[in-house]
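These notes are about the structure you will find just below.
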Amino acid sequence: MPFELLVALRYLREGRAQTWLIITGIAVGVGVIIYLSALITGLQNSLIERTLGTQAHVVVRPPEDMPRLLPAGDGTVRDALVERPAQRVRSIVQWQRVATDVAALPGVVGVAPTIAGPAMAVRGDGASAVVVRGIDPSSYGAIVRLDAFLTAGRLDLDGFHAVVGAELARYLGVGVGDRIRLRVGTDVGAVYTITGILDVGNKDLNQRWVFVSLRAAQSMFGLEGGVSTIEVRGSRIYDAEPLAQTIAARTGLVADSWMRTNEQLLIGLRSQSASSQMIQSFVILAVALGIASVLAVAVVQKSREIGILRATGTTRGQVMRIFLVQGAILGLVGSVGGILLGSALARVFAGIARNPDGSPTFPIALTLVLYVRSTAIALMVGITAALLPARRAARMRPADVIRYG
Amino acid sequence: MTARAADPLLRLTGVTKDYGTRVVTHVLRGIDLAVAPGEFLALTGASGSGKSTLLNLIGLLDRPTGGRIEFQGADVSTLDETATTALRGRSIGFVFQFHYLLPAFSAAENVMLPSIAVRGRRDREMVERAVALLADVGLAARASFRATDLSGGEQQRVALARALMTRPPLVLADEPTGNLDSQSGAQVFQLLRTFNARHGTAFIVVTHDDRLADQCDRIVHLVDGRVHHTIRPT
């Protein structure tokens, strides 16, 4: 065993009560970090999962229709009152090439051509404004797992089959096997058989969403062979905005990330993270001060012993390392205790409060990354906190401390 | 660093030591002293005469204000911190008035500590030497005892074994019997003489006890930071 480790371990063992007290302090600190992180990360993951469970990371669509002024012919422009035109469902020009290009971008894990447009769902005298979404279930599965939201029926969009939201089904009084008419504008539309009912966990979407096949939507909106949107899923959710900017720059199309369309949610998440980090910083500071004060006292208590060690050939570096190793050991052992304590607390808390469906009200995220990060923080704090006492010990003049203590 | 046979182990030439900047206290005022290899020398003098300061300078625990200290023929008064620590660990043993054993370690481990510090970790040879030294001071059976479980005399004997662990050519003892009863004190002093005779280790012993000083090869008496007189007891 190296000299520094031998002496550090003996010193810690010698001041057993003091050592266990500070280890308990570190464990409580690390436990709070683990508990807070697990809770907040779990909540954020749950929120993001609920938000992104029903939408793409990036949606690519054509630019809006804008009026263009025609030149007068002699190089001048006519002065005219220009009105903004009404928008309509339009196809992305050469969408197959765009989809291929986007799919080849780094960080893109799924691309799905889709059509989205407004329509009326009619059954008898009942009618409701809806958003018809034309998808190819095989490619759309990489963007949103629709089948996971099915509460009745199956995801069958062949021919004139449709899957509708649960609120819409309730409003129109329809179920699996019933038929509804989907009308666009003044057109009489077509009749679709309901093959599945979805509950995406959002009342508004459950009221408005109707899924049909891509081909059916193309006919409905007069976009034969075209698509109005390309939906994209990236490998990292928080890289969605840079990905959207890259897509927009490369294609000249409009690319909206979930981060931009859910800006308020993102601000909320960031505020939550900032509060959590602030609490964790204060906890780390308290732990650091605890370690530093214990080691500072130890240096004073052992000044004569340090003097003897120095007189008998121990170098300043060795003396310094003896105290740094103590800080590291305290941090390491404290972090193990903290991981156990924090994990247990988080599990107990998650087990107490449950939703009616049995899922935890406060989902927790206890991950290996969290454990490794917490251990690394405790280790770093231990060593950093020991730095000052260690330097003080190393600078002691053996002749003085042996004589005066 | 080698010395010719005729060279002294230690030579001090005009060594001075001052403390303070605004009010300067001259603790040592030009010490000239030579110690031969294997010599057993007593350093005597009243309190405040500079004995401990001189011992600290010889032990490289402090730096002289002026003059020159040669150890084994080389000037050591200008060595840097790393070099003095290495030289101290290798070539100079210390015995203090109080044993200053580390309570967290056993007697054998306390004896080994200087060697472990120098070599970085302990090995079998160190353990064997520590046990042998403890046997030499009559404490073989106490090797595994904690320092705190030993009597005062036993603790001082362990401290003596510790000072000899690295086979230093010079051991400095600052009133090694000052805290002991007369019987334990005589026993420790006898051990110093035995090691001196057996291994040829030079000893410089600070003492107030004239009877012990009379058993040394030479007595150097300090008064007000100067060597007042040197005598060889008969």
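Structure values in brief
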{"quantity": "Filter pass, A:SER359 being away from chain B (no Cβ under 14 Å) and either touching a Cys at 6+ places or on another chain (Cβ under 8 Å) or over 21 Å from A:VAL32 (Cβ atoms) (or both)", "calculated": "yes"}
{"quantity": "Every pair of residues 6+ apart whose Cβ atoms lie under 7 Å, when the first sits in region B:79-102 and is touching a residue at least 40 places away in the same chain (Cβ under 8 Å) and more than 9 Å from chain A (Cβ to nearest Cβ) while the second is surrounded by fewer than 24 Cβ atoms within 10 Å (Cβ to Cβ) and charged (D, E, K, R)", "calculated": "B:GLN97/B:ASP174; B:GLN97/B:GLU175"}
{"quantity": "Set B:LEU150, B:LEU212: member being of a type outside the set (Asp, Glu) and within 30 Å of A:PRO2 (Cα to Cα)", "calculated": "B:LEU150"}
{"quantity": "Selection status of A:SER335, out of contact with any Pro (no Cβ under 6 Å at 6 or more places or on another chain), among the hydroxyl-bearing types (Ser, Thr, Tyr) and under 23 Å from A:SER281 (Cα atoms)", "calculated": "yes"}
{"quantity": "Scan of region B:17-75 for residues that are within 12 Å of chain A (Cβ to nearest Cβ) and acidic (Asp, Glu), ordered by number", "calculated": "B:ASP62"}
{"quantity": "Helices (runs of 4 or more DSSP H) completely within region A:215-321 that count 1 or more residues being within 30 Å of B:ALA159 (Cα to Cα) and within 14 Å of chain B (Cβ to nearest Cβ)", "calculated": "A:263-301, A:303-311"}
{"quantity": "Filter pass, A:SER91 being out of contact with any helix residue (DSSP H, G or I) (no Cβ under 7 Å at 6 or more places or on another chain) and modelled with pLDDT of 90 or more", "calculated": "no"}
{"quantity": "Of the criteria (1) over 19 Å from A:ILE34 (Cα atoms); (2) modelled with pLDDT under 85; (3) not acidic (Asp, Glu), which one A:GLN326 fails", "calculated": "(2)"}
{"quantity": "Single unsatisfied condition, A:ALA162 versus (1) surrounded by fewer than 16 Cβ atoms within 10 Å (Cβ to Cβ); (2) farther than 17 Å from A:GLY201 by Cα", "calculated": "(1)"}
{"quantity": "Selection from region B:159-177 of residues that are within 17 Å of A:ARG403 (Cα to Cα) and within 13 Å of chain A (Cβ to nearest Cβ)", "calculated": "B:ALA159, B:LEU172, B:ALA173, B:ASP174, B:GLU175"}
{"quantity": "Residue in region B:177-194 that is aliphatic (A, V, I, L, M) and in a strand (DSSP E or B) present", "calculated": "no"}
{"quantity": "Close pairs (7 angstrom Cβ cut-off, 6 or more residues apart or separate chains): in the same structural domain as A:LEU198 (by TED's automatic domain parsing) and among the aromatic types (Phe, Trp, Tyr) in region A:137-164, assigned to a strand (DSSP E or B) and crowded, with 18+ Cβ neighbours inside 10 Å anywhere", "calculated": "A:TYR140/A:ALA112; A:TYR140/A:THR114; A:PHE149/A:LEU198; A:PHE160/A:TYR192"}
{"quantity": "Filtered residues of region A:325-345 (kept if more than 14 Å from chain B (Cβ to nearest Cβ) and surrounded by 24 or more Cβ atoms within 10 Å (Cβ to Cβ))", "calculated": "A:GLY327, A:LEU330, A:GLY331, A:GLY334, A:SER335, A:GLY338, A:GLY342"}
{"quantity": "Number of the condition not met by A:TYR371 [criteria: (1) modelled with pLDDT of 85 or more; (2) outside any helix (DSSP H, G or I); (3) aromatic (Phe, Trp, Tyr)]", "calculated": "(2)"}
{"quantity": "Test: residue in region A:275-283 that is closer than 30 Å to A:ALA399 by Cα, without any contact (Cβ under 8 Å) to a residue 60 or more places away in the chain, in the same structural domain as A:ALA386 (by TED's automatic domain parsing) and of a type in the set (A, V, I, L, M)", "calculated": "no"}
{"quantity": "Complete set of residues in region A:338-356 that are more than 17 Å from A:LEU368 (Cα to Cα) and either within 23 Å of the chain's Cα centre (by Cα) or at pLDDT below 85 (or both)", "calculated": "A:PHE349, A:ALA350, A:GLY351, A:ILE352, A:ALA353, A:ARG354, A:ASN355, A:PRO356"}
{"quantity": "The one condition in (1) within 14 Å of another protein chain (Cβ to nearest Cβ); (2) assigned to a helix (DSSP H, G or I); (3) over 16 Å from the mean Cα position of the chain (by Cα) that B:GLN156 fails to fulfil", "calculated": "(3)"}
{"quantity": "Selected residue [in the same structural domain as A:VAL297 (by TED's automatic domain parsing), out of contact with any Leu (no Cβ under 7 Å at 6 or more places or on another chain) and surrounded by 18 or more Cβ atoms within 10 Å (Cβ to Cβ)] from A:ILE377, A:ILE364", "calculated": "A:ILE377"}
{"quantity": "Filter result for A:ALA248 (surrounded by 18 or more Cβ atoms within 10 Å (Cβ to Cβ) and at pLDDT 90 or above)", "calculated": "no"}
{"quantity": "Residue within region B:117-131 that is away from every other protein chain (no Cβ under 11 Å), more than 22 Å from B:GLY225 (Cβ to Cβ) and surrounded by 23 or more Cβ atoms within 10 Å (Cβ to Cβ) present", "calculated": "yes"}
{"quantity": "Cβ-Cβ under 6 Å pairs, at least 6 apart or on other chains, region A:1-29 side within 14 Å of chain B (Cβ to nearest Cβ), far side buried (at least 19 other Cβ atoms within 10 Å of the Cβ) and hydroxyl-bearing (Ser, Thr, Tyr)", "calculated": "A:LEU12/A:THR19"}
{"quantity": "So A:ARG260, is it touching a helix residue (DSSP H, G or I) at 6+ places or on another chain (Cβ under 7 Å), outside the structural domain of A:THR384 (by TED's automatic domain parsing) and among the basic types (Lys, Arg)", "calculated": "yes"}
{"quantity": "Some residue of region A:211-228 being modelled with pLDDT under 90 and more than 16 Å from A:VAL89 (Cβ to Cβ)", "calculated": "no"}
{"quantity": "Check on A:ILE352, within 30 Å of A:LEU47 (Cβ to Cβ) and without any contact (Cβ under 8 Å) to a residue 12 or more places away in the chain", "calculated": "yes"}
{"quantity": "Some residue of region A:79-87 being touching a strand residue (DSSP E or B) at 6+ places or on another chain (Cβ under 9 Å) and either modelled with pLDDT of 90 or more or part of a loop (DSSP other than H, G, I, E, B) (or both)", "calculated": "no"}
{"quantity": "Test: residue in region A:348-358 that is surrounded by fewer than 18 Cβ atoms within 10 Å (Cβ to Cβ) and within 29 Å of A:LEU21 (Cα to Cα)", "calculated": "yes"}
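The rows are residues; the columns are (1) modelled with pLDDT under 90; (2) within 17 Å of the chain's Cα centre (by Cα); (3) under 29 Å from B:ALA117 (Cβ atoms); (4) buried (at least 22 other Cβ atoms within 10 Å of the Cβ).
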site: B:ALA147; (1), (2), (3), (4): yes, no, yes, no
site: B:HIS199; (1), (2), (3), (4): yes, yes, yes, no
site: B:ARG211; (1), (2), (3), (4): yes, no, no, no
site: B:ILE219; (1), (2), (3), (4): no, yes, no, no
site: B:THR234; (1), (2), (3), (4): yes, no, no, no
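The values are calculated or read from the model by the stated rules, or taken from the named source; none is laboratory data. From a predicted model like this one, the values you see are computed outputs, not experimental measurements. Note that each Cβ is placed from the backbone with ideal geometry, even for glycine, and that neighbours are counted across all protein chains shown.
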